[in-house]
Each structure stands twice: as structure tokens, then as C-alpha cells.
Amino acid sequence: MKKVFISLFVFTVVQLNAQKKLAVGFKVGQNFSKVDNVAVDHNTASYHVGATVQIGLSNGFSIAPDVLLSQTKLETTLTAKEILSNLKPETYQLSYMTIPVLLQYSVVKSILIQAGPQYGILLDQTKDGPDNARVAFSTGEFSLVGGGKLNLGGFFVYGRYVVGMNNIVSSSQLANNLQDQSTWKTRQWQLGVGVKLF
């Protein structure tokens, strides 16, 4: 059965490519992340890298799924009480595998607008410094994405705005800290470049 699915997938890819309805590429870019939280209130830079596919539909529409390794970097801002207690700011690196599936529309020949959902799976979280982390993060994040892409022959540039729809802090931590009424939802700009492989 596995061989049948693989054969069917290869056949579909070949047919779509023959009809010039399939494009596969590689992309890399910069993230500028922010969290709607009083303790994490400024943009920090990180990266994303991965593969992208474009599947042509009709009348200028196409589907563009990606599989990306994406990092969200968060740096906390200390309160006056924490400063007096000699606490140091915490910097977290959250590594996600993100899977956006975007609907594209070609406004003109080389310019496309994009919109759709994205799901991120938390692969790893690390914290700078020797102390234990004071924040635990949930294993997944659902987001909405909007943006645009400019095709430049075999290359392309793009920009996206990603809006997180759920708290990235784990539900158990929120339940254990009833005094923290903050909303931990991410906002992220993405800018990048890519190359079309075929």
C-alpha cells in the first residue's frame, strides 16, 4: 500500500509539473517577533528556512503550502520588583516546524497576494543563562497569515504578517498562575527570499 501511495504521489507531481502547475522552491528569511504581553513587549529578530510548493489552480489562483523550521525569539522585560530581586532578563528561543497553507492570487503577472492558516509544532525551547526557565510553552500554535510575493524569474521575495490565535504559554502554567492575566499571543513579520528549484 505504501508503494501505491508513493507511486501515485510521484505520478501526480510529474503530471502537474508537465502542465506547469507545480513549482517547488527553497526559502530563507528573517522573523521579527512580538508577544502581546506586558513582560515581553518588543520585537526580536530570528530566522526561518524551509521548502515551499506552489500548486496552480485556475484563473490566477494557486495553493502554496510550506514546511519551515522557524524560530521565535522572546526577551522578557523585568519589573522594578524583579530588578530589586537581582533577577536577570530571560531570552527564549522557541523552535517550531510551521506549516502554512496559503491561497494565492496573482494580481498581475509577477505579484501575488497570500492568505491562509498556519500551524506550528514546538520542537524545542531553550533559554539563555544558567537559571531554570520561569515560563513553559504550549506544544502548538495556530495562526493566520497574510502577505505578498514578488516573482523575479527563478527567484522571489516575500513578506508576511503572522497573527497567533492562541496563547503560546502552556495551559497548566496559566492555571497555576491566576494572577497573570496577560495574553501570550504572537505577532510576527516575516521577510525573505527564495529560489525556484523546478
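One table, with the values for the structure above:
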| item | result |
| --- | --- |
| Residue list for region 46-65, restricted to those being in contact (Cβ under 8 Å) with a residue 40 or more places away in the chain and either assigned to a loop (DSSP other than H, G, I, E, B) or of a type in the set (A, V, I, L, M, F, W, C) (or both) | Gly60, Phe61, Ile63, Ala64 |
| Filtered residues of region 91-129 (kept if within 17 Å of Val162 (Cα to Cα), of a type in the set (S, T, N, Q) and either exposed (fewer than 14 other Cβ atoms within 10 Å of the Cβ) or modelled with pLDDT of 95 or more (or both)) | Thr98, Gln104, Gln114, Gln118 |
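The values are calculated or read from the model by the stated rules, or taken from the named source; none is laboratory data. Just so it is clear, the structure is predicted and the values come from calculations on it, not from any experiment. Because the Cβ atoms are built from the backbone with ideal geometry, glycine has one as well, and the counts that use them run over all protein chains shown.
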